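Heads up, the thing below is written out as structure tokens.
The values are calculated or read from the model by the stated rules, or taken from the named source; none is laboratory data. The structure presented is a predicted model; accordingly, all values stated were derived computationally and were not measured. Note that we place each Cβ from the backbone using ideal geometry, even for glycine, and neighbour counts take in every protein chain shown.
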Amino acid sequence: MNSSPNLTQFEAETQRYYQRNFLAGLVHGVFFQASAALGSIHTVLPAFVALLTPSTLAVGLMAAVQGVGEVVPQMFTAYLIEDRPRKKPYLLWIITTRWVSWAVLAYLTFAFGTTRPMLVLTVLITLFTIFSIAGGMGTVVYADVFSKAIPAQRRGRFTGLRQLVGYALAIGAGYVVKWVLDDPVRFPYPTNYAFIFLLSALALLVAFSGFAGIKEPVYPVQRTSQSLRGMLQRALFLARVNPNFRRLLGARALTTAVLAIAPFYVVYARTELVVDAGMVGVYLSAQMAGGALSNLLWGWLADRFGNRAVIVGTAVSGALSPLFALLAPMNTLFFLPVFAFLGATTSGMRLGYSNFILEMASVELRPTCVALQNTLLTPVSLLPLFVGGLVLIMSYPVMLSIGAVLMLLNIWVAYRLLDPRHGAEGACLGVE
């Protein structure tokens with residue numbers, strides 16, 4: 001349990017710096033979202049990889065690298081920071097690693113994109129692996145800092161506003177991508193993608209400055225695991241004795257499984273339906289617009305009914321993406337709602353699952369529960385590579401149909417969750 005019998009004085013510190021942290025966190029989140037849009041694994045990167053190699057396995061590998069890289073280091077990170085009262089410096093180093101990775105990729109794409117495409121592809125995968133591992137470490141650190149900097153009753157409002165403004169900027173990023181890719185005279189290949197990657201690096205640099213402005217409240221902490229092995233054992237115990245935590249894992253696993261198809265939407269549109277290159281930017285804007293508009297709903301649902309409602313809504317929107325993709329051969333305009341609902345699904349995941357786990361776990365269990373949630377889903381994160389192989393032997397309509405069925409099943413699983421805000425039976429209980 002926590003080393004202090006009364007957290008009132010520490011919660012007062014959270015309240016004292018709330019306005020400063022709200023604004024600083026907003027700058028960080030908004031520009032982080034813009035950077036993520038410019039380097040989207042669902043639009044920009046698959047289109048770029050398809051120019052480097054015709055193999056869909058490379059697209060699947062990129063998505064798998066992101067999924068695995070973001071979850072594998074989380075348990076180690078949780079153990080590393082468990083007894084550290086200040087965790088902000090770790091994330092500052094992580095953000096630095098990420099923006100430098102994009103900057104290096106931008107230079108190498110500009111210098112060798114035409115003459116040595118396999119070199120660029122190899123460097124892309126290597127840097128994206130570093131980028132994703134750093135992101136996985138950052139997830140645990142950010143969740144802990146965020147949970148202390150923003151009071152629980154205002155997290156839905158903060159997250160909704162952060163994503164709403166961030167997606168508004170990301171919609172603009174989509175039009176920048178369209179403008180760049182639609183003008184081969186001013187931005188010939190590979191200058192076009194090098195410029196996009198450079199913009200992504202600069203947006204992350206601004207996000208770094210925002211996070212640097214956060215005043216991290218210092219809560220009392222103590223190490224509850226004597227070793228990394230002990231922490232793993234403790235984490236597995238948490239999963240075994242908490243049925244609601246297992247339901248949460250099941251719901252997120254199904255959502256992640258269906259999102260394994262998402263990187264191939266744009267490849268399908270470009271290679272089989274032969275849409276224009278600039279449509280990549282339009283799809284990106286549609287994805288960001290879907291995320292922005294859905295946040296009006298997600299934020300309201302989270303504050304009014306709890307985060308279970310958000311997770312159920314996310315499952316519904318996740319089912320609609322593959323359903324509309326099945327209609328795309330009739331009219332390529334159907335790809336616009338595909339990406340709009342994809343944006344709604346990803347933003348709902350960030351808000352619903354992240355806040356659900358923060359409310360489910362006590363202060364001392366948060367790093368462990370956040371890391372455990374993601375680490376146990378590592379096998380599911382490999383599915384994009386599997387899908388990339390299946391594309392070679394299976395039609396897109398078959399995969400899309402499977403995705404729609406899995407997401408319908410997910411609606412039922414999500415509905416069975418017990419919201420911890422409405423009852424103690426939904427909480428994640430520790431060993432004690």
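Of note:
- From the list PHE48, PHE31, the lone residue that is at pLDDT 90 or above and farther than 23 Å from GLY138 by Cα is PHE48.
- The set of residues in the stretch 293-311 that are under 15 Å from PRO337 (Cβ atoms) and at pLDDT below 85 is empty.
- Residue in the stretch 158-165 that is out of contact with any Lys or Arg (no Cβ under 9 Å at 6 or more places or on another chain), modelled with pLDDT of 90 or more and basic (Lys, Arg) present: no
- Helices (runs of 4 or more DSSP H) contained entirely in the stretch 242-337, each with at least 1 residues that are of a type outside the set (A, V, I, L, M), more than 30 Å from PRO379 (Cβ to Cβ) and within 20 Å of the chain's Cα centre (by Cα): 279-304
- Hey, VAL140 under 18 Å from ASN355 (Cβ atoms), hydrophobic (A, V, I, L, M, F, W, C) and crowded, with 24+ Cβ neighbours inside 10 Å or not: yes
- Condition met for LEU181 (touching a Lys or Arg at 6+ places or on another chain (Cβ under 8 Å) and not polar (S, T, N, Q)): no
- Take the conditions (1) in a helix (DSSP H, G or I); (2) in contact (Cβ under 8 Å) with a residue 24 or more places away in the chain; (3) under 24 Å from ALA58 (Cα atoms); LEU408 misses just one of them, which is (3).
- Within the stretch 397-431, being at pLDDT below 85 and either among the small types (Gly, Ala, Ser) or touching a Leu at 6+ places or on another chain (Cβ under 9 Å) (or both) holds for GLY423, ALA424, GLU425, GLY426, ALA427, CYS428, LEU429, GLY430, VAL431.
- Scanning the stretch 354-373 turns up no residue that is modelled with pLDDT of 80 or more and not in a helix (DSSP H, G or I).
- Looking across the stretch 110-146, the residues that are over 29 Å from ALA289 (Cβ atoms) and either hydroxyl-bearing (Ser, Thr, Tyr) or not in a helix (DSSP H, G or I) (or both) come down to GLY113, THR114, THR115, ARG116, THR122, THR126, THR129.
Listed here are the residues, each with its yes/no results for (1) surrounded by fewer than 20 Cβ atoms within 10 Å (Cβ to Cβ); (2) among the basic types (Lys, Arg); (3) modelled with pLDDT of 80 or more; (4) in a helix (DSSP H, G or I).
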{"site": "LYS148", "(1), (2), (3), (4)": "no, yes, no, yes"}
{"site": "TYR175", "(1), (2), (3), (4)": "yes, no, yes, yes"}
{"site": "VAL180", "(1), (2), (3), (4)": "no, no, yes, yes"}
{"site": "ARG186", "(1), (2), (3), (4)": "yes, yes, yes, no"}
{"site": "PHE197", "(1), (2), (3), (4)": "no, no, yes, yes"}
{"site": "ALA201", "(1), (2), (3), (4)": "no, no, yes, yes"}
{"site": "LEU205", "(1), (2), (3), (4)": "yes, no, yes, yes"}
